[in-house]
1. Is there any pair with a first residue in the range 108-124 that is more than 12 Å from ASP207 (Cα to Cα) and a second that is surrounded by fewer than 18 Cβ atoms within 10 Å (Cβ to Cβ) and of a type in the set (D, E, K, R) whose Cβ atoms are under 7 Å apart and which are 6 or more apart or on different chains, and what are they?
2. Tell me which of these ILE241 doesn't satisfy, since it passes every other one: (1) assigned to a loop (DSSP other than H, G, I, E, B); (2) more than 15 Å from LEU138 (Cα to Cα); (3) β-branched (Val, Ile, Thr).
3. Looking only at the range 183-212, count every residue that is of a type outside the set (Ser, Thr, Tyr) and under 21 Å from SER159 (Cα atoms) and tell me the total.
4. Would the range 85-107 turn up any residue that is more than 13 Å from ALA8 (Cα to Cα), touching a Lys or Arg at 6+ places or on another chain (Cβ under 9 Å), among the hydroxyl-bearing types (Ser, Thr, Tyr) and surrounded by 15 or more Cβ atoms within 10 Å (Cβ to Cβ)?
5. For the range 190-241: of the residues being of a type in the set (A, V, I, L, M), farther than 22 Å from ARG122 by Cα and modelled with pLDDT under 85, which is surrounded by the most Cβ atoms within 10 Å (Cβ to Cβ)?
6. Exactly one of these conditions fails for CYS156: (1) closer than 19 Å to CYS54 by Cα; (2) open to solvent by 40 Å² or more (accessible area, probe 1.4 Å); (3) without any contact (Cβ under 8 Å) to a residue 40 or more places away in the chain; (4) of a type outside the set (A, V, I, L, M). Give me its number.
7. Select from the range 35-59 the residues that are farther than 23 Å from TRP89 by Cα, open to solvent by 30 Å² or more (accessible area, probe 1.4 Å) and within 27 Å of the chain's Cα centre (by Cα) and list them in ascending order.
Amino acid sequence: MKTFETDAIVLSTRDHGESDRLVMFHSAKFGRLRGIAKGARKSKKRFSNVFEPCSLVSLECRERNSYIWIEACKLVEPYMPMREDIEKWGYAALFSEIILEMVPEGEPHPGPFLLHKETLERLERDKDPQNVLLLSLLRFQILMGHMPALDECGICRRSLKTATNWFWQPADGKLLCGDHCCPDSSYISLDTGTLALINFMREVPLDKIWRLRMRREMRAPLLTGLLDWFCHHARKEIKSIRVLEQILPSCGFSRSINKETIGTAKWFSH
């Protein structure tokens, strides 16, 4: 049976059988994976305090049938300062849940892992965690190929330079000018500067994006639109959103996610 080692970020964990744990993790080499840690609930040596969500770990694994067996796990970085700040911890949990829902299982894709790792590091030390979250969500959309071109009106092809205010609905990808946006639609209003920043993020290296600052008045509508999009494509509720709506209403989570965007999908937990 094939064995391998990889750095990984723990996404979630739950009991499995009488003494094991089923761990979902985001790996550097193999994308999202699930593994069984045999005897993890009883062992005080091999798996002590290593499976906390949003922890960076080093795994030794073995392939067995349809599961990955976790032979050993070493805690690399628990990001303790981040866990002591409820806002930062909430944002980290939200981004990790989106990774869990949106990254394909078993497909190598180093870009999202590097972004995930850098997001946790930036949340730990940045004084503006909401800006970090928004930059991470936008970059993730770009990396996964979901971010449409936002350089002209989707109907008349009018360029960004010809107007100040634009209207975007992440769920269908359309960017419209004022002449083609219905006033009572669910499109969010964005200014030219915000759209230019989003387009700039397509090319700037990952370690440079954290210098960008989203205007505060643009954050709440953009955040709402992006989270609507994630719920729409995951076809289920992102549970971390509901938690953040309760604990951080002043940070842009006071508006409920539009349930109509989720369609007829059933809401369920892992």
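The values are calculated or read from the model by the stated rules, or taken from the named source; none is laboratory data. Not measured: the values here are computed from a predicted model. Note that we place each Cβ from the backbone using ideal geometry, even for glycine, and neighbour counts take in every protein chain shown. Accessible surface areas use protein heavy atoms only, side chains included; no ligands, DNA or RNA. Shrake-Rupley method; radii C 1.70, N 1.55, O 1.52, S 1.80 Å.
1. Every condition considered, the pairs that remain are PRO108/LYS29.
2. Evaluating ILE241 over (1) assigned to a loop (DSSP other than H, G, I, E, B); (2) more than 15 Å from LEU138 (Cα to Cα); (3) β-branched (Val, Ile, Thr) leaves (1) as the failure.
3. 14
4. No, because not a single residue in the range 85-107 is more than 13 Å from ALA8 (Cα to Cα), touching a Lys or Arg at 6+ places or on another chain (Cβ under 9 Å), among the hydroxyl-bearing types (Ser, Thr, Tyr) and surrounded by 15 or more Cβ atoms within 10 Å (Cβ to Cβ).
5. ILE238
6. (1)
7. Within the range 35-59, none qualify.
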